[in-house]
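Peer 1: Handing you this structure, nothing more for now.
The values are calculated or read from the model by the stated rules, or taken from the named source; none is laboratory data. All of these numbers come straight from a predicted model, not from anything done at the bench. For neighbour counting, all protein chains shown are included, and Cβ atoms are generated from backbone atoms with ideal geometry for every residue, glycine included. What goes into the accessible areas is simple: the full protein's heavy atoms, side chains included, and nothing from ligands, DNA or RNA. Shrake-Rupley method; radii C 1.70, N 1.55, O 1.52, S 1.80 Å.
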Amino acid sequence: MRRVLLLAVAAAPGLSACVSLPEDVLRQHLIEAPEPVSAPYAGLDPGAKSVETARFLVRAYDTGTAQAYASFCEDSYTRLAGDLGLYSFAPAAPYNIVVYRDREEYLAKTKQAEWSGGVAYGNAIHVYENEAAKGVIAHEIAHLVFKEFMDGTDISALVWLNEGIAVHAEKAALPASADAYASRVTRLVRPAPLSFTALSSMPPGAAQTGEAVERWYAQAGSLITFMIRAGGNFNFYLFLRKLKDGLPPDSAAGEAFAGSWRDMAAADAAWRASL
Ligand SMILES: [Zn+2]
C-alpha cells in the first residue's frame, strides 16, 4: 500500500495531472501526455493478440484478455455516448488500447512514474492488467471522446467539464470508483464546496494538497453527473454543442437547459441544493 505524492504528478514538466481513484487505498494515477507525442511507448512483445471492435483496437497477450477489455471499452463508450446524448457522433478511427502483462512491463516500456496507473497520448491508452485499469480506461475514453467531439474548439478553459465528464464516466463504469467518489463528496465537497468560479478557474496544480485535488475532481464529477441526470441527456448534448460553437458556459447552459437553468450559476445552485 503506497501513499501517492500528488505534488509529484503536477510537478512533472509539461504534463497535466489526471487523478483516477478507484479506491481510497489503491490509488491509480494517470498522466495525460501533451500532444503530439512523436515517440510512442514501446508496444507489446511479439505474439500479442488484437481484437478490433466498432470503436476500439485492443492489444493484449491473449485473445481472451483482449476480448474482455474490448467488451469493457465498448460498454463504457456506449454508456458515455448515451449519457452525453452523442448519438450522431462516431470516432474517426478506432481508439487504441494497449494492455501490458503487468506493472513491471508497463513501467519499463512507458517510463512512467512508479505510481502511474495508465498513460494516454493521441488516441491511445496504455494500461496494465489489473482491476483498477478499468477505471483508468473509462476515464480516459471520456477524454478522447470529449476532445474529438470538441475538435476545433479551444477547450483550455473547460478543464472542469472535461474532467467532470471523465469522472462521471469512471463512476458509471466501476462501482468501486462510484463508492470512492461518493465518499469524497460526503467528506470533502458537501462540507465546503468550491464556488463554481473556483472550480472552473482553478484546475488542481502544484500548489494544492492531495485533499484539495481530491475535492476538485469529486466536485467536478458530482456537478456533471447532476447536470446530466437533472438537466437531461439531450440537453447536455445541446450544452456541449453550444460550447463547441464557441458560446461561453453561461449562455450555453441558459440555451441548452432552457426551462431548468438560466446560466451556470443556476445549474450550480441546483446542484448544491441536491447535495
Ligand atoms: Zn482526467
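Peer 1: Residues Ala176, Ala182, Ala90: which one is away from the ligand (no atom under 15 Å from the Cβ) and in contact with a Pro (Cβ under 7 Å, 6 or more places away or on another chain)?
Peer 2: Values: Ala182 fails: in contact with a Pro (Cβ under 7 Å, 6 or more places away or on another chain); Ala90 fails: in contact with a Pro (Cβ under 7 Å, 6 or more places away or on another chain).
The match here is Ala176.
Peer 1: Please work out which one of (1) at pLDDT below 95; (2) open to solvent by 30 Å² or more (accessible area, probe 1.4 Å); (3) within 30 Å of Leu238 (Cα to Cα) is the condition Ala39 fails and give its number.
Peer 2: Failing condition for Ala39: (3).
Peer 1: Which residues, counting only those in the stretch 180-194, are without any contact (Cβ under 8 Å) to a residue 12 or more places away in the chain and not hydrophobic (A, V, I, L, M, F, W, C)?
Peer 2: Thr186, Arg187, Pro191, listed by residue number.
Peer 1: Same structure again: Quick test of your reading of the structure: Ser88 fulfils all but one of (1) without any contact (Cβ under 8 Å) to a residue 24 or more places away in the chain; (2) more than 17 Å from Tyr61 (Cβ to Cβ); (3) open to solvent by less than 40 Å² (accessible area, probe 1.4 Å). Name the failing condition by number.
Peer 2: Answer for Ser88: the failing condition is (3).
Peer 1: For Pro22, work out the one condition from (1) out of contact with any helix residue (DSSP H, G or I) (no Cβ under 6 Å at 6 or more places or on another chain); (2) part of a loop (DSSP other than H, G, I, E, B); (3) open to solvent by less than 20 Å² (accessible area, probe 1.4 Å); (4) modelled with pLDDT under 50 it doesn't fulfil.
Peer 2: Failing condition for Pro22: (1).
Peer 1: Sticking with this one: What's the number of the only condition in (1) within 20 Å of Ser88 (Cα to Cα); (2) touching a residue at least 24 places away in the same chain (Cβ under 8 Å); (3) open to solvent by 10 Å² or more (accessible area, probe 1.4 Å); (4) more than 15 Å from the ligand (Cβ to nearest atom) that Phe236 fails to meet?
Peer 2: (3)
Peer 1: Could you list all residues from the stretch 130-161 that are crowded, with 21+ Cβ neighbours inside 10 Å and within 14 Å of the ligand (Cβ to nearest atom)?
Peer 2: Answer for the stretch 130-161, where residues must be crowded, with 21+ Cβ neighbours inside 10 Å and within 14 Å of the ligand (Cβ to nearest atom): Gly135, Val136, Ile137, Ala138, His139, Glu140, Ile141, Ala142, Val145, Phe146, Trp160, Leu161.
Peer 1: Does the stretch 124-136 include one or more residues that are under 30 Å from Lys244 (Cβ atoms) and free of Cβ contacts under 8 Å to residues at least 40 places away in the same chain?
Peer 2: yes
Peer 1: Which residues, counting only those in the stretch 255-274, are open to solvent by less than 60 Å² (accessible area, probe 1.4 Å) and touching a residue at least 12 places away in the same chain (Cβ under 8 Å)?
Peer 2: So the first thing to find is which residues in the stretch 255-274 are open to solvent by less than 60 Å² (accessible area, probe 1.4 Å), and the list is 256-257, 261, 263-264, 266-271.
Selection gives Ala256, Phe257, Trp261, Asp263, Met264, Ala266, Ala267, Asp268, Ala270, Trp271.
Peer 1: Let me ask you something else. Confirm whether Phe56 is aromatic (Phe, Trp, Tyr) and either in the same structural domain as Ala178 (by TED's automatic domain parsing) or surrounded by fewer than 19 Cβ atoms within 10 Å (Cβ to Cβ) (or both). If you could, list the steps in order and put the result at the bottom.
Peer 2: On the way: aromatic (Phe, Trp, Tyr): yes; either in the same structural domain as Ala178 (by TED's automatic domain parsing) or surrounded by fewer than 19 Cβ atoms within 10 Å (Cβ to Cβ) (or both): no.
For Phe56, the condition - aromatic (Phe, Trp, Tyr) and either in the same structural domain as Ala178 (by TED's automatic domain parsing) or surrounded by fewer than 19 Cβ atoms within 10 Å (Cβ to Cβ) (or both) - is not met.
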